[in-house]
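Visitor: Quick one: this structure, given as structure tokens, is what I'll be asking you about.
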Amino acid sequence: MNFLECMRRFSQALLIITNSIVGLLGLAVLILGIWAQVSGRDYFDFLSLGADYSPVGILLIVVGVFIVVIGIIGIIGAIFAGTLFGRITLGLYAVILGLLILCEISIGIAAGVKRNDLNSYFRDSAQQTFNESGSDPSKADTWNTLQTLFDCCGVNSYKDYRYLNGNNSVPASCCNPNATDFCDSIRLDVTNNTGYYISSAGCVDVLVSGVDTYLGAIAGGGIVFGLFQIIGVVMACFVAIYKDRENKYEVV
């Protein structure tokens, strides 16, 4: 067995493994899309998307299915690489993956350029839903959920409640998790906060910081994933082309 044949078999096995991983990642995106469609309403309400949130979950579901299909195509092409069907499948896989890489690069550049605009929109939307929470029970429920979940209070700080209702009262969801017993025995308002009873961090700062952290992780993961995709294109072409040459030599 020569070196090129060893490389072909190694590339074939690696294509099967990497595309199995890609398929699992697609399944994770699909599950996230289903969650967004079923249980993500509070977070979309926070961004004042309201009933318009549905396309986000649907988009994630479509993307997840697309990634799963790509993984399946790659696996099938690698398994049947010794046949004409397998080589055609690998060629289709390489073309789709190449187009996907170009789309990811474009989206990455656009996301980097619009990042500040996104943060500004995030803050403005949060302020809008916060202002509406004084008269809209559904918005108030959304804020209570987020404040409890992320240990925060108000848009910028707990002091925002002074301007919301005019009586300095702060909802129980702003209580510091470490001071629950104290919160049950005192009146929660802006004036008696000592930095302990009421969570002092604003929800937008907490969420933006978390989003920035996750975006950094996603960007790093995207770079690694992109490199794997480029390697996948090269391996798919190599496996298909090398097998074709091998068959031609055998015929001659």
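The values are calculated or read from the model by the stated rules, or taken from the named source; none is laboratory data. Computed from a prediction, not measured in an experiment: that's the story for all the values here. Here the Cβ positions follow ideal geometry from the backbone for every residue, glycine too, while neighbour counts run over all protein chains shown.
Visitor: Between a residue in the stretch 143-162 that is surrounded by fewer than 22 Cβ atoms within 10 Å (Cβ to Cβ) and any residue that is among the β-branched types (V, I, T) and in a loop (DSSP other than H, G, I, E, B), which pairs come within a Cβ distance under 7 Å, given they are 6 or more apart or on different chains?
Guide: Taking only residues 6 or more apart or on different chains, the pairs are K159/V190; R162/V190.
Visitor: Taking the stretch 79-104 as the search range and keeping residues that are hydrophobic (A, V, I, L, M, F, W, C), in contact (Cβ under 8 Å) with a residue 60 or more places away in the chain and over 14 Å from G23 (Cα atoms), which one is surrounded by the fewest Cβ atoms within 10 Å (Cβ to Cβ)?
Guide: Among those that are hydrophobic (A, V, I, L, M, F, W, C), in contact (Cβ under 8 Å) with a residue 60 or more places away in the chain and over 14 Å from G23 (Cα atoms), it is I79.
Visitor: Output the number of the condition that L97 fails; it satisfies all remaining conditions of (1) farther than 30 Å from I230 by Cα; (2) modelled with pLDDT under 85.
Guide: If we test L97 against (1) farther than 30 Å from I230 by Cα; (2) modelled with pLDDT under 85, just (1) comes out false.
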